[in-house]
Ligand code: ADP
């Protein structure tokens, strides 16, 4: 059936449920015909005196009884219908939301590099809501109405095929109008969605940057950008509604013309003596009654086209290759190696951030990555963690190519302490516990103590139970970093990837963080992205990176003797330190 299942991106269960929902809806429609049929019969009975015969009260009572039975049937069918359409479609859309969330977890970072977060949120929430609505309010009704209309059409033709034809001749024309305009409607829908995304981006940026915007006096400028994008969204929404409205109203008018046609042609047949008054009145009643659901359908159809925009986007999401790998294979040793690795953020064609790099990072030792800013240090640590996959060569941990390992499994061997710590809108305690959700309260507190968090947590109003605002905005940079160290301590992974802070911390914070880090890295395989070369001097191995290449490797002494880039960087830093003192 035009591969509806695939188009609506339904699960097997969802597809089965949809078929059941269509059946339930058809049943409701058919059961609704009983009271309608009874009404017509009563009507015919009441009109009998006009044609000279008597009203049969026995028949009236029978019709009354039939009406009651019909009422009960309608009630039962509607109840069943409700369960099969609404409840089931909400369950299906929940399943889709979970599926999308699961998928996002497995997508490579390259995906997130292209898509911004607001589009992702719209994907999960908005598209599912549209799908939910279409599944519960549209598709079952659309099909069920189609089925019951066909039945009614056949029954009416048995009475009088000429009048039946008059009643139904406008239906295909009305649908054709909507159908032919679908491309135009879809295009308007796409434009509207794009404007909506842009506006939500602008709102997000505005809210997040409000402090900077205010302090830098950009308020007017930023606000007008926001205003422009909101205005554009409004204009596109109106254009879409008007565009859709023209076709829908046009189609509705053509459909309603059917009433006039039926009355006209019916009266013509009546005066010609080709039809009796009672069947004619019955046709009049039916024509008014039957156009109701078709009118609703005409207004709902454009929604189906709008849904195409949503499902197209979901399809792109679902067709993105995910990062897979063995989730069981144990990693037995923790030495890391890069073998002729080349990597570019833009895929094969992009500019290479890492060029033909071959380095080894020994286990249970501290290896420092140094180099000018933008040389590729962070990229090296991202490749170790398989945030991205290399374009050429391979990265191994304990001799195992990281591409053969499931990213989450690989992650269980690694802790990160990065500058841009992500804190959740939760308590301090829970933010630390993220390192290891199975940890006992005692372990969480011990990790917090070892990471020197105690001292500032005590000062918070509710200690460990204090809620941290959105991304921990109430804490200082140093405090946030200590929380991330506590997390890493709690995780106790054998490999630690560390990004030393570039932002200058106050001396007290600096000392505490150094202390916390030295507890964390004890006996671990450590890769540290170092920004201050003085702290690197104690590393077991230093890898100097320049423009994506490993240009020098060795200990501090060895590198100083080579009189190369390392020595140059070191002396520059020494001088600048000297000046700043
Ligand atoms: P470093 O950590 O040494 O400062 P990076 O590894 O962050 O350097 O960056 C190396 C190169 O890769 C730079 O040219 C940078 O612009 C580019 N780069 C870094 N991250 C991304 C990204 N997410 N998308 C595209 N290019 C990136």
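Readers should treat all values here as calculations from the given coordinates under stated rules, not as data from a laboratory. Quantities reported herein were computed from a predicted structural model and do not represent experimental measurements. Here the Cβ is made from the backbone with ideal geometry for all residues, glycine too, and neighbour counts use every protein chain on show.
Values as computed for the structure displayed
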quantity: Shape call, region 21-114: gyration tensor on alpha carbons, a/c limit 1.5; calculated: prolate
quantity: Principal axis box of the chain, alpha-carbon based, largest edge first, Å; calculated: 122, 48, 46
quantity: Three-way shape call for region 417-462 based on the alpha-carbon gyration tensor, with the a/c threshold at 1.5; calculated: rounded
quantity: Antiparallel %, DSSP beta bridges [both residues in the chain], to 5; calculated: 50
quantity: Pair residue 208, residue 329: separation of 7 Å Cα→Cβ label points (nm); calculated: 3.6
quantity: For region 418-450 versus region 512-559, the gap between their alpha-carbon centres in whole angstrom; calculated: 26
quantity: Residue-averaged [θ]222 nm for the chain, counting only DSSP H segments that reach four residues, each worth -39500 (n - 2.57); calculated: -20500 deg cm²/dmol
quantity: Cα→Cβ-extended label distance, 7 Å offset, between residue 23 and residue 59, nm; calculated: 3.7
quantity: Spatial separation of Cα centroids for region 350-389 and region 263-280, in angstrom; calculated: 87
quantity: Span per principal axis, largest first, for the Cα atoms of region 383-453 (Å); calculated: 43, 23, 19
quantity: Percentage, to the nearest whole number, of Cα pairs in region 229-385 over 29 Å apart; calculated: 61
quantity: Residues 4, 149, sorted so that the one with the fewest Cβ neighbours within 10 Å comes first; calculated: 4, 149
quantity: Neighbour-count ranking [beta-carbon atoms within 10 angstrom, fewest first] of 343, 456, 159; calculated: 159, 456, 343
quantity: Neighbour-count ranking [beta-carbon atoms within 10 angstrom, fewest first] of 84, 239; calculated: 239, 84
quantity: Full-stretch length increase - residue 228, residue 76 - with 0.36 nm per residue and alpha-carbon distance subtracted; calculated: 49.5 nm
quantity: Added length on full extension, which subtracts the Cα-Cα distance from 0.36 nm per residue, residue 46 to residue 318; calculated: 91.7 nm
quantity: Simple label model, 7 Å out from Cα along Cβ direction - residue 365 to residue 13, nm; calculated: 5.3
